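The values are calculated or read from the model by the stated rules, or taken from the named source; none is laboratory data. Quick caveat, the model's predicted, so the values are computed rather than measured. Reconstructed Cβ throughout: ideal geometry from the backbone, glycine too, with neighbour counts over all protein chains shown.
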Amino acid sequence: MKTKYYWITGILALAFFLIINIPAAIVINPIKDQLAQINIQHVSGSIWQGSAQQITVQSKHVFKNVEWSICVFHLLLAEACVELDTEYNTNPLSGQVSIGLDNAIQAKNLKTTMTAHALSQIVTMPMGEIAGDISVYLETLNWQQGGVPSATGVIKWSKASITIAETAQLGDIIVSLSESEDSPINAEISNTNGQLAIAGTASLKATTDYQLDLTLTPNDKASTNLKSSLGLFAKPQANGSYTVKNNGNLKQLGLM
């Protein structure tokens, strides 16, 4: 009986060893032509731990110098999971990404940094020219195609500025993300060392309804022109601050 047990254990161990050491190119090259939305170039290493020179998704999202390793624990849960280290549009990106049986995408410890200008090239921003450096740390991110993502983490925008008629120096902005039962994304917004003190909240519901509530308070660094510009889109208050309150639906804005 013990001999049979050892034989089975040995065979399983050998099979596992062989599978994890299969060259990634042997598996990926025959099927990559069938992946219409994904173009994978120059694969090396093994399925367990490998790399690709470039992966292009939907002809516009380019990931370069992609390195991956398989998450062992997620295999036991029948989930495809990898630890990724790559560059997205020359910006470093790392984290753990998994896909469940329901095709829901989950990410943990997702990190990236980029300039504000680079962000404006990726996402159409409803504002003037922006500058500064942005770092993103998402502790968790959950998304299923057609739905609203949920996220927790912190976004920091250092040396932030926006130029419309003139440049507004906003200092260092911190956006703390959390999720709740009603809102997959809640954000607390604040800043330091700017011409304006910024404080407020934003939220996004599963129905794609959003709500924004900000208070902007100019300080002695703010010019007269900047204060006048605030009155074009914010409501002046008796204490010298300005409030921005807005709500609507992302679908109506064409963002989803």
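When the residues of the range 138-191 are filtered to those that are in a loop (DSSP other than H, G, I, E, B) and among the small types (Gly, Ala, Ser), which remaining residue is surrounded by the most Cβ atoms within 10 Å (Cβ to Cβ)?
Checking each candidate, the answer is SER183.
Determine which member of the set ASP209, ASP213, ASP220 is more than 21 Å from ALA116 (Cβ to Cβ), surrounded by fewer than 16 Cβ atoms within 10 Å (Cβ to Cβ) and out of contact with any Ser or Thr (no Cβ under 8 Å at 6 or more places or on another chain).
Exactly one of ASP209, ASP213, ASP220 is more than 21 Å from ALA116 (Cβ to Cβ), surrounded by fewer than 16 Cβ atoms within 10 Å (Cβ to Cβ) and out of contact with any Ser or Thr (no Cβ under 8 Å at 6 or more places or on another chain), namely ASP220.
Hey, among LEU212, LEU226, LEU232, which residue is farther than 22 Å from GLY132 by Cα and modelled with pLDDT under 90?
Being farther than 22 Å from GLY132 by Cα and modelled with pLDDT under 90 holds for just one of LEU212, LEU226, LEU232, which is LEU232.
Determine, yes or no, whether ALA202 is crowded, with 18+ Cβ neighbours inside 10 Å, outside any strand (DSSP E or B) and hydrophobic (A, V, I, L, M, F, W, C).
no
Just one of SER94, SER98, SER69 is in contact with a helix residue (DSSP H, G or I) (Cβ under 6 Å, 6 or more places away or on another chain) and either surrounded by 14 or more Cβ atoms within 10 Å (Cβ to Cβ) or modelled with pLDDT of 90 or more (or both); which is it?
SER98
State which residue is farthest from THR167 (Cα to Cα) when the search covers only the range 207-222 and only residues that are touching a strand residue (DSSP E or B) at 6+ places or on another chain (Cβ under 9 Å) and in a loop (DSSP other than H, G, I, E, B).
THR207
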